1. Roughly how far apart, in whole Å, are the Cα centres of the range 45-116 and the range 246-265?
2. With each pseudo-label sitting 7 Å past Cα toward Cβ, what's the residue 332-residue 312 distance in nm, one decimal?
3. So what does residue 78 come to for accessible area, using a 1.4 Å probe and Å² rounded to 10?
4. Along the Cα-to-Cβ line of residue 84, 7 Å from the Cα, sits a label point; which residues in the range 255-272 have backbone N less than 14 Å from it?
5. Per residue, how big is the convex hull of the range 235-298 when only Cα atoms are used? Give it in Å³.
6. Using the beta-carbon distance between residue 98 and residue 45 and R0 = 41 Å, what value does 1/(1 + (r/R0)^6) give for FRET efficiency, to the nearest 0.05?
7. Using only the alpha-carbon atoms, what does the range 68-138 span along each of its principal axes? Please give whole angstrom values in decreasing order.
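The values are calculated or read from the model by the stated rules, or taken from the named source; none is laboratory data. Not measured: the values here are computed from a predicted model. Here Cβ is always computed from backbone atoms with ideal geometry, including for glycine, and neighbour counts include all displayed protein chains. Keep in mind that these areas ignore ligands, DNA and RNA; they rest on the heavy atoms of the full protein, side chains included. Shrake-Rupley method; radii C 1.70, N 1.55, O 1.52, S 1.80 Å.
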Amino acid sequence: MSRSSGGPDPVAVSHSPEASTDPVAHPHHHAHAESSRVPLWVAIALTVVTGGFVALQSRVNGELARALDDFSVAAAISFGSGLVILLLITAAWPGGRRGVARLRDAVRARRIAWWMLLGGVAGAWFVATQGLSAGVLGVALFTVAIVAGQTIGGVVFDVVGLGPGGRRPLSPTRVAGAALALVAIGWAVSAQVAEAVPLLLMLLPFSAGVGASWQQAMNGRVRTASTSALAATLTNFLVGTMVLLVVMLVHAASVGWPTAFPTEPWLYAGGAIGCVFIAAQAVLVRRVGVLVLALGLVAGQLATALALDLLVPTSARPVGFATVGGTVLALVAVALASIRWRPARHLAAESTSATTFDGSGPITPAR
């Protein structure tokens, strides 16, 4: 990429008429975890492609930070340029403006909690870690650490129902898929860790990966409230840019500004790439859930990062067989976690009405 008492409930997980039907008259009507005409395999394929964009942005932002010798300026440029693109699109597209208005009304009416708008904070941290460590670790190793955090975060956030699709219980295949992904990550990283990679540099992208799963859930909630992927993406970039501008100013006050800016245009493409994958995540998370989204992103990130490190390496560290094998195993993990264990997953066994989550307790029936 979730909840409130007092006032209207936050985003209802299901808006179908059946969700609010009298349970006595219609005892079998439930709120289901998904509502989409998009085939599941198509949604999963799109998550893999989206993961490739994440790895590509890591390479671009890492190189920009290295060229500037300043991670904070690189991160601010990435988020700021994305924000400018989104503002122009929103201004030109009436549908985007209507989505922003719906989101504003939802916040005022407390149909969505204000803190659900803060997914951009995790996005800002994600981009900052790209500048801090991607150039040193190499995209493949950086991505492996990100993936570990995303996988663990996806498991936890699906269980608690943080995403817009509600609770997604851990079926045997989902547990096996998550476990296999972690094995794949450990295998892929084994050779590089043996070469004394600084632990702190590995912990930075790991924490960013956990934050990325939370961000995906929050952006999905915002998208549901506004019924607009553009509004969700704009909110993400607005919050992230504000955070990164503060970080940039504080950092510049202590170390100064970059003395020169690179002239290669592709180094400034990180913001545009981010617009694409943040919007895609906001749309896909409701269909596939936080865990499968995280694992699909894992597969795309690892495969693309591996290709980048093989074709245009930035680190002297060679790509070993373990990294290749771990990438293939991650793809298998995505397929395994996506297998349907039951025909339909109910959001809350104890309730036959739509469900919400207010952040202060478990999911409760909407009133």
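1. 21
2. The modelled label-to-label distance comes out at 3.2 nm.
3. Rounded to the nearest 10, that gives 0 Å².
4. What the label zone holds, given the 14 Å backbone N cut-off, is 265-272.
5. 124
6. According to the calculation, E is roughly 0.85.
7. Principal extents (Cα only, largest first): 45, 28, 17 Å.
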